[in-house]
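The values are calculated or read from the model by the stated rules, or taken from the named source; none is laboratory data. Everything numeric in this text was worked out from a predicted model, so none of it was measured. We place every Cβ from the backbone using ideal geometry, glycine too, and count neighbours over all the protein chains shown.
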Amino acid sequence: MPSLSIPQYDLVYNAFSFSFATMFAAFIFFVLVRTQLAPQYRGAMIMSALVVAVAGYHYFRIFESWSAAFTLSGGRYIASGKPFNDAYRYIDWLLTVPLLVTELIYVINPRNRGRLAFTLATAAALMVILGYPGEIATDNGTRALWGFLSTIPFVYIVYTLFTGLGEAMKEQTPHGRVLIRNTRLLLLATWGFYPIVYLLPILGVSGAAAVVAVQVGYCIADVAAKAGYGLMIYAIANEKSKAAGWKYDSSIKTAAGIID
Ligand SMILES: *C/C=C(C)/C=C/C=C(C)/C=C/C1=C(C)CCCC1(C)C
């Protein structure tokens, strides 16, 4: 670990703190709003809640590991000797990335989804597993090789979501179609960020600035790809619940009627 200036250390520290708070708040939101949706769309909301719960826990651990990895000495943060544990991220991805692809399939077609969700979730897990040996490798050749292998399932997932879901989109309401299209774009923009960060050491980026950029960058991507994406899933589920004739308002009126 290179030594960091106080603002550099604090920026990462605050980014972890912000990410933890966002995941925690998103968890409460997804749990509370699921009952506003038609029953067939609640599964997708539960998956969103699980994703941010798992990520929130890992952010808490990453945050602790970051604090322990540095000590303040002479106005700079220097390595304490305890390693910063980056493996938490890969364990987190292994659990959350398959859930993220599954929740999209579930919200688009809750009745007929089994095979596609399973294939995409398997590809997502494979992508993370193949990336890990490269992430911890010290030489760029090994990093490039595993990175390449990991990119194969990555391309498969992105290709399938863009072609396969294009078909499914034809059956949606016009507003639903816009929401699904935006969700796919959010997915592409955020997921595309991870392999770029992975490439930085191969491109020769290193030192304190690289450590700060990688950690803050992953925080932004994670908040958008997990909490922001979950909000989009909620918007789609809400739109489709309405299109299916589900009225949440009527249940409120009924409750008020009982009080009357
Ligand atoms: C919430 C976490 C998410 C959405 C993580 C996504 C991670 C990826 C899309 C990672 C992809 C990678 C490659 C395509 C090649 C290099 C290795 C990875 C694992 C960084």
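Details
- Output for region 68-97, where each listed residue is of a type in the set (Val, Ile, Thr) and either modelled with pLDDT under 95 or more than 16 Å from the ligand (Cβ to nearest atom) (or both): Thr71, Ile78
- Of all residues in region 186-208 being modelled with pLDDT under 90 and away from the ligand (no atom under 14 Å from the Cβ), the one that is farthest from Leu11 (Cα to Cα): Gly204
- Close Cβ contacts (under 6 Å, 6 or more residues apart or on different chains) running from residues in region 19-45 that are over 20 Å from Ala225 (Cβ atoms) to residues that are among the small types (Gly, Ala, Ser) comprise Leu37/Ala237; Leu37/Ser241; Ala38/Ser241; Ala38/Ala244; Tyr41/Ala237; Tyr41/Ser241.
- Tallying residues that are crowded, with 18+ Cβ neighbours inside 10 Å and farther than 18 Å from Arg89 by Cβ within region 1-23 yields 3.
- Looking only at residues in region 131-178 that are modelled with pLDDT of 90 or more and aromatic (Phe, Trp, Tyr), the one that is nearest to Ala244 (Cα to Cα) is Tyr159.
- Among residues of region 52-63 that are more than 10 Å from Asp92 (Cβ to Cβ), those with a Cβ under 9 angstrom from a residue that is among the basic types (Lys, Arg) and within 11 Å of the ligand (Cβ to nearest atom), sequence gap 6+ or separate chain, pair up as Val52/Lys226.
- Tabulated pairs, region 116-142, first acidic (Asp, Glu), second more than 12 Å from the ligand (Cβ to nearest atom), C-beta under 9 angstrom, 6+ apart or interchain: Glu135/Ala87
- For Leu185, the stated conditions do not hold, so it cannot be described as within 30 Å of Ala79 (Cα to Cα), free of Cβ contacts under 8 Å to residues at least 24 places away in the same chain and loosely packed, with under 14 Cβ neighbours inside 10 Å.
- Selected residue (only one of Val216, Val211 is more than 10 Å from the ligand (Cβ to nearest atom), in contact with a strand residue (DSSP E or B) (Cβ under 9 Å, 6 or more places away or on another chain) and among the hydrophobic types (A, V, I, L, M, F, W, C)): Val211
- Of the residues contained in region 148-168, one or more are found to be among the polar types (S, T, N, Q), at negative phi and exposed (fewer than 14 other Cβ atoms within 10 Å of the Cβ).
- Scanning region 32-58 for residues that are over 17 Å from the mean Cα position of the chain (by Cα) and part of a helix (DSSP H, G or I) yields Leu32, Val33, Arg34, Thr35, Gln36, Pro39, Gln40, Tyr41, Arg42, Gly43.
- For region 99-118, the set of residues classified as surrounded by fewer than 16 Cβ atoms within 10 Å (Cβ to Cβ) and more than 19 Å from Lys242 (Cβ to Cβ) consists of Asn112, Gly114, Arg115, Phe118, listed by residue number.
- Count - residues of region 119-142 that are over 18 Å from the mean Cα position of the chain (by Cα) and either more than 9 Å from the ligand (Cβ to nearest atom) or not in a helix (DSSP H, G or I) (or both): 9
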